[in-house]
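J.: Encoded as structure tokens, here's the structure I'll be asking about.
The values are calculated or read from the model by the stated rules, or taken from the named source; none is laboratory data. Quick caveat: nothing in here was measured; it's all calculated off a predicted structure. Note: ideal-geometry Cβ built from the backbone for every residue, glycine included; neighbour counts use all protein chains shown. Quick note on the areas: whole protein, heavy atoms, side chains included, nothing else; ligands and nucleic acids left out. Shrake-Rupley method; radii C 1.70, N 1.55, O 1.52, S 1.80 Å.
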Amino acid sequence: MQRRCFIQSTAAAGAGFLLLPGLVNSAETRHENKARPGAEYYHQANYYEKLQDGIIECRLCPRRCRVSDLERGYCGVRENIGGEYYTCVYSRVCSANVDPIEKKPFFHYFPGTLTFSIATAGCNLNCRFCQNWSISQFRPEDIPAMKISPLQCVRQAEESGCISIAYTYSEPTVFYEYMFDCAAEGKKAGVKSVLVSAGFIEKEPLVNLLEVIDAVKIDLKSFSDDYYRRICNGKLRPVLDTLLTVKSRGVWLEIVYLVVPGFNDTDKEFIDLCRWLAVNLGADVPVHFTRFHPAYLMNNIPMTPKSTLEKATAIARAEGIHYPYIGNVFGHQEENTRCHKCGRRLILRSGFQIVKNEIQNGRCPDCRIEIPGIWS
């Protein structure tokens, strides 16, 4: 059952019960003496405004959902209960894994290290090609989950040999409060936090989040607003604003551009994209042109030809991007890092593994130019 269905689902096995404000209301029998399934995961939400008649306007993402009592926003995980707004996925982790940082992908941020990757259900977009649709496009009640507090999250990262926590797989924006608290706990313990996001978020919550986040990877779906509306049910401008904000705050940034054949793979779009990036973000932000694999609602589209990805990286270099990469094509020479000045191969990769790293104190050992990134 998808999250946009009107059928009310039951809670996952083992969920507890807790009375929250607004759950007992003599004027409405639907509230009377009812405990909410999974209420142990409910937590006061941030970034919303109370309107008339108990309606709430969410201010977390550009959708600005207006949510009536006992309804949820588009993401399916933020609920109005008696005129107060709650997240229902706080500590409700549906996926937790130890991954190489290259899988996110981050190529210029502590290469060769491990990251503790976590997600909850929910997303504020609906990309027709989503690889993780089975968690992003479902309500949390429909997915098995484990309760991991922010402190437990940090401890599990440390015990797993991870130097960072990655908020990933679904869309971390929708579990903002949990992510923020995990990152804040991690900061106290010296565990870093990396955000893997589509960047569809309002500026105020983003700016506050960047105080506790160490690196950001944004999935830039296309450089076309029409594509965002048709394929992702979103908008381009807020994502570009997110990129500008992250860059202006000095947080390490990388970008992934999933190349979908026949949809966002023209020379013109590659040129327009790279020119905007070079002018607005600079030449040193890594850009990963990633191979599409058929998934979710786009199973009839073939995977991206290597030649298209090679063309994209060639255009990127011609437009002044220093570090374009090809993703999801294991063993391709364009997954390696080369010095943008002298061309020396600095990092040899095999998929998500580092075979050799010859960067010395953040510099190329031959020409001694500084290589942008966070290396140690």
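J.: Taking Cα pairs under 8 Å and at least six residues apart, what relative contact order does the chain come out at, in percent?
T.: Across the chain, relative contact order equals 12 percent.
J.: Largest first and to the nearest Å, give the Cα extent of region 200-276 along each principal axis.
T.: 39, 22, 16 Å, listed from the longest principal axis down.
J.: Further question: Report the charge-dipole magnitude of the chain in Debye, nearest 20, computed about the Cα centre from +1 at each Lys and Arg Cβ and -1 at each Asp and Glu Cβ. Mind showing how you got there, number by number?
T.: Values: 45 positive and 41 negative charges, 138 e Å.
In total the dipole reaches around 660 debye.
J.: Taking Cα centroids, how far is region 232-263 from region 104-175 in Å?
T.: Distance between centres, Cα-based: 19 Å.
J.: Leaving ligands, DNA and RNA out of it, report the carbon-plus-sulfur percent of the accessible area of region 150-219 at a 1.4 Å probe.
T.: Within region 150-219, the accessible surface is 44 percent carbon and sulfur.
J.: So the label point goes 7 Å from the Cα of I369 along Cα→C-beta, right? Which residues of region 322-340 then have their backbone N under 13 Å from it?
T.: Only 322-324, 338-340 pass the distance filter.
J.: Now a separate question. Have a look at P205, A96, G73 and report the one farthest towards the positive end of the charge dipole of the chain, computed about the Cα centre with Cβ charges (Lys/Arg +1, Asp/Glu -1).
T.: A96
J.: Just name one of V285, C162, H340: the one whose Cα is farthest towards the positive end of the charge dipole of the chain (beta-carbon charges, Lys/Arg +1, Asp/Glu -1).
T.: H340
J.: Mind listing the Cα extents of the chain along all three principal axes, in Å, largest one first?
T.: 75, 43, 34
J.: How much mean residue ellipticity at 222 nm does the chain get from its helices, if each DSSP H run of length 4 or more adds -39500 (n - 2.57) and you divide by all residues, to the nearest 500 deg cm²/dmol?
T.: Value at 222 nm, helices only, nearest 500: -6000 deg cm²/dmol.
J.: Who wins for biggest fluctuation among A314, A45, A119 in a Gaussian network model of the chain, springs between alpha carbons below 10 Å?
T.: Most flexible of the set in this elastic network: A314.
J.: Here is a follow-up. Of the beta bridges DSSP finds with both residues in the chain, what % are antiparallel, to the nearest 5?
T.: 50
J.: Over the heavy atoms of M146, what accessible area does a 1.4 Å probe trace out, to the nearest 10 Å²?
T.: That residue has around 90 Å² of solvent-accessible surface.
J.: Separate question: If I histogram all Cα-Cα distances within region 218-376 using bins 10 Å wide from 0, what percent of pairs lands in each bin?
T.: P(r) for region 218-376, in whole percents per bin: 10, 38, 36, 14, 2.
J.: Keeping all protein chains in place and using 1.4 angstrom, which order do F138, F116, F352 fall into by accessible surface area, from largest down? Before the final figure, lay out the partial values.
T.: Working: F138 35, F116 10, F352 65 Å².
Putting F138, F116, F352 in descending order of accessible area: F352, F138, F116.
J.: Using only protein heavy atoms and a 1.4 Å probe, report how much of L346 is accessible, in Å² to the nearest 10.
T.: 0
J.: Could I ask something else about it? Provide the net charge surrounding L346, with neighbours chosen by a C-beta distance below 15 Å and charges set as Lys +1, Arg +1, Asp -1, Glu -1.
T.: Summing Lys/Arg as +1 and Asp/Glu as -1 gives +1.
J.: Ignoring ligands, DNA and RNA, what accessible area per residue does the chain give at 1.4 Å, in Å²?
T.: 42
J.: How charged is the neighbourhood of D214? Take every other residue with its Cβ under 15 Å from the Cβ of D214, and add Lys/Arg as +1 and Asp/Glu as -1.
T.: In short, +4.
J.: If you don't mind, there's one more thing I want to ask. Give me the dipole magnitude in Debye, nearest 20, for region 246-376 about the Cα centre, with unit charges on the beta carbon: positive for Lys and Arg, negative for Asp and Glu.
T.: The dipole of region 246-376 has a size of about 340 debye.
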